[in-house]
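For reference, the structure discussed in these notes is given below.
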Amino acid sequence: MDKNSNTSFKKKGGGVVVLVRSLLSAELICHLYNDVEHLFVLVSNGTSEFIVGGVYLPPASSTEAFEAHDLAIEELPLLHPDVPMYICGNYNVPGAS
């Protein structure tokens with residue numbers, strides 16, 4: 001679970017979690033850009049592997065937070081080439097309706 005006190009004013013709740021079934025192996029990919037609430041996990045079933053990511057960008061997040069998350073997404077394939085990625089989350093994109 002990732003709850004970053006730099007990006008969240010809440011004392012309870014919030015954060016990002018990625019749950020992985022116990023039949024699979026999971027390895028936390030080190031936090032890329034700690035100023036964003038996102039989490040990436042390398043999951044393997046023994047014959048194949050994939051990356052699952054979760055992200056929460058609160059309303060009124062700075063442009064820098066979006067850019068940091070974008071950089072993390074761009075770096076994942078460099079760290080884990082040819083591994084499929086599934087990124088889910090709540091982006092709260094400014095100006096989107």
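Where does each of Glu37, Glu49 land when they are ranked from fewest to most other beta-carbon atoms within 10 angstrom?
Exposure proxy ranking, most exposed first: Glu49, Glu37.
Each residue of the stretch 41-47 in order: what ³J(HN,Hα) in whole Hz does its phi give by Karplus 6.51 cos²θ - 1.76 cosθ + 1.60, θ = phi - 60°, with x for Gly and Pro?
With coefficients 6.51, -1.76 and 1.60, one gets 10, 8, 10, 9, 10, x, 10 Hz.
Given the stretch 52-97, report the % of alpha carbon pairs whose separation exceeds 12 Å.
Counting pairs separated by more than 12 Å, the tail of P(r) holds 65 percent.
Since every read-out is calculated from the coordinates, none of them should be taken as a lab result. Since this is a predicted model, take the numbers as computed values, not measurements. Neighbour counts are summed over all protein chains in view; Cβ atoms, including those assigned to glycine, are modelled from backbone coordinates with ideal geometry.
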